[in-house]
Each structure stands twice: as C-alpha cells, then as structure tokens.
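The values are calculated or read from the model by the stated rules, or taken from the named source; none is laboratory data. Here the structure is a predicted model, which is why all the values come from computation and not from measurement. No Cβ is skipped: glycine too gets one built from the backbone with ideal geometry, and neighbour counts run over all protein chains shown. Areas reflect the complete protein model, heavy atoms only, side chains present, ligands, DNA and RNA absent. Shrake-Rupley method; radii C 1.70, N 1.55, O 1.52, S 1.80 Å.
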Amino acid sequence: MLFSRSKSEMVAPERALPGRAAPIPTAALHHVFERPLKAEPPAGFETAVFGLGCFWGAERKFWQTPGVWLTAAGYAGGFTPNPTYHEVCSGQTGHAEVVKVVYDPSAVSFSDLLRVFWEAHDPTQGMRQGNDMGTQYRSAIYAETDEQLQQAQASADAYGAALRQAGHGGTITTEIRGAAEFFYAEEDHQQYLSKVPHGYCGLGGTGVSCPTGLAT
C-alpha cells in the first residue's frame, strides 16, 4: 500500500466510514486449532488483544506460543462498526489490524504474551511497521482488564529502557488503553500463514530482548 499523509493520521470519528450493523462473514473453524473460531473460552481462561503490524504474521506468533488456546485476526481501536479489510486499509475506519488471543493463564502468563508482542515487532515506528504504512499497522495493546492495563504500561517502560540501553533510536509509540470492541476479519485472513505457509509476513523485531519480570 502506498503511503499518504491521510493514511498516516487517525481519521476523525465524524469522518470515519459508517460501516454496517451486522458482522461480516468469517471462518467457522480455526485452521490450526480446529475449534470454532468464536468458541466460548473454558472457565479461567483469559483474552488479550494485540496490534503489531500486519495481522497475518502477528497471529502466527501467538498461535505458536504454548498455552495459547485460540487466536483470531480482526480489527479494533477505531470507529467503524463491522468494517471490511478494504475499509480498514483505506485509513478511514481508525482501526488497527489486531490479534485476539485466548490463553490459559496457568500455562502462559500475560507477561509472557507481552514478551512475544514486544520482541516480534518494532514498537517505535508510529503508524507503520516496516514497509507496511498506515494507521492500521500501528502498535497497540487493548487491555481486557485493569491488571492487564497496568502490566502493559509497566512493560512498555521496561522495554523502552531496554531499547535505550541497546542504543536503539526512537521512542515507543504503542497505543495502550482499555478494551476496544473487536471485529473479526474475513475468512481469508484468519490463520493466513497456516493456509499459505510461504505467504507475506512483514514483521521484524528490533533484536532487543524483552526483560524478564517486566510486569511485576
């Protein structure tokens, strides 16, 4: 997608596309875990939502993480209800491409997921990730609980310090806030790199490890 000023700046709510009342069609089953994509999580499981650039590669990072029970590609953080991929890519919905992660906290902690998040991309790039440019590619954490929100904010401080110590220029631009409504992406985008193993993945980390114990 070609870079333009309009796609690098958040659309004003009153100028966002109207969207639609009904959800757009998506996959019935998760291509990797073979369970319903919208399955109700088991008791005690938790959910987190992350944006770290193109959701194809981002989703693979999380479904490969032990303790993750389900993932889904989608859109969040904007204004347009039930958007399509093309609408999100227009920069006129305000949404980021995100991954919804359902996980077993007895097997993988939110701190562990934050480590995957920080190390899988460059959180200092603003409204882009590598060659993918636009507001939909921004770095984001939409916390589902107050505890997640506090851990996410603490982790940003810790990872920012690690980046500075490593001599990596730039300041973390990750959007960190409370829960945002999640809209499922179309079937083609769900677990894309499982269906197309050699497909495009624009993720690229900084090479700087995330500190352990960052959420405490």
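At-a-glance table
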{"quantity": "Selection of trypsin sites (Lys or Arg not before Pro), the stretch 35-111, meeting DSSP coil and at most 15 other Cβ within 10 Å", "calculated": "38"}
{"quantity": "Heavy-atom accessible area per residue - the chain, 1.4 Å, Å²", "calculated": "46"}
{"quantity": "Hull volume in cubic angstrom per residue (convex hull over the Cα atoms of the stretch 144-205)", "calculated": "130"}
{"quantity": "Cleavage-rule hits (chymotrypsin sites (Phe, Trp or Tyr not before Pro)) in the stretch 111-216: DSSP loop, at most 13 neighbouring Cβ within 10 angstrom", "calculated": "200"}
{"quantity": "For the stretch 18-122, size of Cβ-based charge dipole, Lys and Arg +1, Asp and Glu -1, in debye", "calculated": "200"}
{"quantity": "Karplus 3J(HN,Hα) series, Hz, for the stretch 20-37 with 6.51 cos²θ - 1.76 cosθ + 1.60 (x for Gly, Pro)", "calculated": "7, 6, 9, x, 6, x, 9, 6, 7, 10, 6, 5, 9, 8, 6, 10, x, 4"}
{"quantity": "Among 150, 168, 99 the positive-end extreme of the charge dipole of the stretch 67-176 (Cβ point charges)", "calculated": "168"}
{"quantity": "The chain, dipole about Cα centre (Lys/Arg Cβ +1, Asp/Glu Cβ -1), debye to the nearest 20", "calculated": "460"}
{"quantity": "Residues with amide H under 5 Å from that of residue 141, placed H, sequence gap 5 or more", "calculated": "51, 175, 176, 177"}
{"quantity": "Summed side-chain charge close to residue 188 - residues other than residue 188 whose Cβ falls under 13 Å, Lys, Arg +1, Asp, Glu -1", "calculated": "-2"}
{"quantity": "Centroid-to-centroid separation of the stretch 107-131 and the stretch 137-183 [C-alpha atoms, Å]", "calculated": "8"}
{"quantity": "Carbon and sulfur %, accessible surface of the chain computed with the full protein complex present, 1.4 Å", "calculated": "51"}
